[in-house]
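The values are calculated or read from the model by the stated rules, or taken from the named source; none is laboratory data. Being a predicted model, the structure only gives us computed values, none of them experimental. Glycine also receives a Cβ, built like all others from the backbone with ideal geometry; neighbour counts cover every protein chain displayed. Just the protein is used for accessible areas: all its heavy atoms, side chains included, with ligands, DNA and RNA removed. Shrake-Rupley method; radii C 1.70, N 1.55, O 1.52, S 1.80 Å.
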Amino acid sequence: MADKLIIFDTTLRDGEQSPGASMTKDEKLRIARQLERLKVDVIEAGFAASSNGDFEAVKAIADTIKESTVCSLARAFDRDISRAAEALQGARSARIHTFIATSALHMEKKLRMTPDQVYEQARSAVRFARNLTGDVEFSPEDGYRSDVDFLCRVLEAVIDEGATTINVPDTVGYAIPELYGNFIRTLRERIPNSDKAIWSVHCHNDLGMAVANSLAGVKIGGARQVECTINGLGERAGNTSLEEVVMAVKTRRDYFGLDVGIDTTQIVPASRLVSQTTGFVVQPNKAVVGANAFAHASGIHQDGVLKARDTYEIMRAEDVGWSANKIVLGKLSGRNAFKQRLQELGIDLESEAEINAAFTKFKELADRKSEIFDEDIIALVADESVTSEQEHFRLVALSQHSEMGERPQAKVVFGVGGEECRAEAQGNGPVDASIKAIESRVQSGAEMVLYSVNAITSGSTESQGEVTVRLQLGGRVVNGVGADPDIVVASAKAYLAALNKLHSKAERVAAQG
């Protein structure tokens, strides 16, 4: 039998560290359920000690997920580790992932600790975590840029203390595939007790080599766990892309000789859910999950594929979850059919009231849009997932007027807390006028650093528009996502969604990169 490659997904933790990609508890839980359907081995649900909100999200995921191991990150402090263990109490299978920086640069400039102090803290943290759970992962942050002799000393000690997985991160994306693979192999060869732990790789994409480095760590270094995210989501240039690693290992099994337990037909649904939840659009030419991943424009390619698809396709689109857009429901569809489709899409609404509210929104959409696709339903539910407590700002009504030669104007009615505000403004276009109208009353002072529009489904001008607005204020960066057949309405929804996140005072502690 071939060895198994463990897939450790950190979309909900490291992926969420992308500026603006923070998610609510309900959004995290929905993605975790999809990761479970994807049959991910380990789900890193968050960083429980970073905030009460993240603690509650980790706890909810631990209480819900049954088929995957649920993991929480924790700095090498007893308080962090205790908080992680508390959040994971309800998990059928739990893991604590603790870390401390080991590179000379990080120890001196960030931690202001000596190597001996770091060594002792790493040992102490793993020993403490091992008393709380039988599954402990240790990461030396900035491990790839650490002194090899010191790193060997630390890793040998934490394995002695009971660490069951050793993860070697390329925290800043500095590695080169051959060098990184040899680095992992050197560590495993030099550390006497290296066979007592599973070795893992965690690579960032700053030089565009995260997937290549991870696979080199597996093939050359002998690692048997890869830490990755859906769509390669992550801070700076992102993390190792789950879909690319999985399909590389499956497509080139002749080379890697490894098995993965992933249900690959769930890859595209997971990609779409993460993209629509975070507002981070997948580029069309992205491998495996991009809209053009299986498209052929060249006449020679088209001819070859028609004669024999393997002339130009090394994977089947349907194997990763691509299928022709299917009309699933229409305005004559009933509530039971809608509820059944939610279940098929993996959307679990907690109460009948939530289902009724979503169904009402569905009927409203069906009156305006004759063809309802799965993506529309996902966007609709995502749009409704913000609770009333979190929804400080809420769009009530919008009207706008625009014609050539005249300056566009907009009138907006929106809720602020329990009150309604009315505002109007002119702008360079109807979207600009609508947002200026809102800002004239809110006066947030936030800087808009991104505005993007994406069609939720392709092939029709009737498609819903999905708008992402990214705002920056006082060092905080947040994304707001809005969807509607009217792009001006979608823009106002997205802007208000971003303002809701700015209004939330939840503070986060920076975690490992």
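Couple of notes before you dig in:
- Tally, over the range 55-81, of residues that are open to solvent by less than 10 Å² (accessible area, probe 1.4 Å) and touching a residue at least 60 places away in the same chain (Cβ under 8 Å): 2
- Near pairs, Cβ below 7 angstrom, 6+ apart or cross-chain, from the range 99-126 (within 15 Å of residue 139 (Cβ to Cβ)) to any residue that is exposed (fewer than 14 other Cβ atoms within 10 Å of the Cβ): 101/110
- The strands (runs of 3 or more DSSP E) falling completely within the range 428-511 that include 2 or more residues that are out of contact with any Lys or Arg (no Cβ under 7 Å at 6 or more places or on another chain) and at pLDDT 90 or above map to 447-455, 465-473.
- Positions within the range 82-102 being part of a loop (DSSP other than H, G, I, E, B) and open to solvent by less than 70 Å² (accessible area, probe 1.4 Å), in sequence order: 88, 90, 91, 93, 102
- Verdict on residue 437 being farther than 24 Å from residue 282 by Cα, out of contact with any Asp or Glu (no Cβ under 8 Å at 6 or more places or on another chain) and open to solvent by less than 20 Å² (accessible area, probe 1.4 Å): no
- Restricting the range 103-122 to residues that are part of a loop (DSSP other than H, G, I, E, B) and touching a helix residue (DSSP H, G or I) at 6+ places or on another chain (Cβ under 9 Å), the residue that is least open to solvent (accessible area, probe 1.4 Å): 103
- Criterion: modelled with pLDDT under 95 and closer than 30 Å to residue 490 by Cβ - qualifying residue of 277, 311: 277
- Restricting attention to the range 211-232 and to residues that are open to solvent by less than 30 Å² (accessible area, probe 1.4 Å) and among the small types (Gly, Ala, Ser), the residue that is nearest to residue 11 (Cα to Cα) turns out to be 232.
- Residue match in the range 135-146 (condition: outside any helix (DSSP H, G or I), open to solvent by 30 Å² or more (accessible area, probe 1.4 Å), in contact (Cβ under 8 Å) with a residue 60 or more places away in the chain and out of contact with any Asp or Glu (no Cβ under 6 Å at 6 or more places or on another chain)): yes
- In the range 356-372, the residues that are in contact (Cβ under 8 Å) with a residue 60 or more places away in the chain reach residues that are open to solvent by 70 Å² or more (accessible area, probe 1.4 Å) and not basic (Lys, Arg) with C-beta atoms within less than 6 angstrom, at least six apart or across chains, in these pairs: 371/327.
- For the range 244-272, residues that are part of a loop (DSSP other than H, G, I, E, B) and not basic (Lys, Arg) total 5.
- Answer residue from the range 155-168, given it is touching a Pro at 6+ places or on another chain (Cβ under 9 Å) and surrounded by 24 or more Cβ atoms within 10 Å (Cβ to Cβ) and is nearest to residue 122 (Cα to Cα) among those: 158
- Filter result (surrounded by fewer than 21 Cβ atoms within 10 Å (Cβ to Cβ) and more than 25 Å from residue 162 (Cα to Cα)) within the range 183-204: none
- Of the residues making up the range 233-259, those that are surrounded by fewer than 21 Cβ atoms within 10 Å (Cβ to Cβ), more than 21 Å from residue 206 (Cα to Cα) and not aromatic (Phe, Trp, Tyr) number 8.
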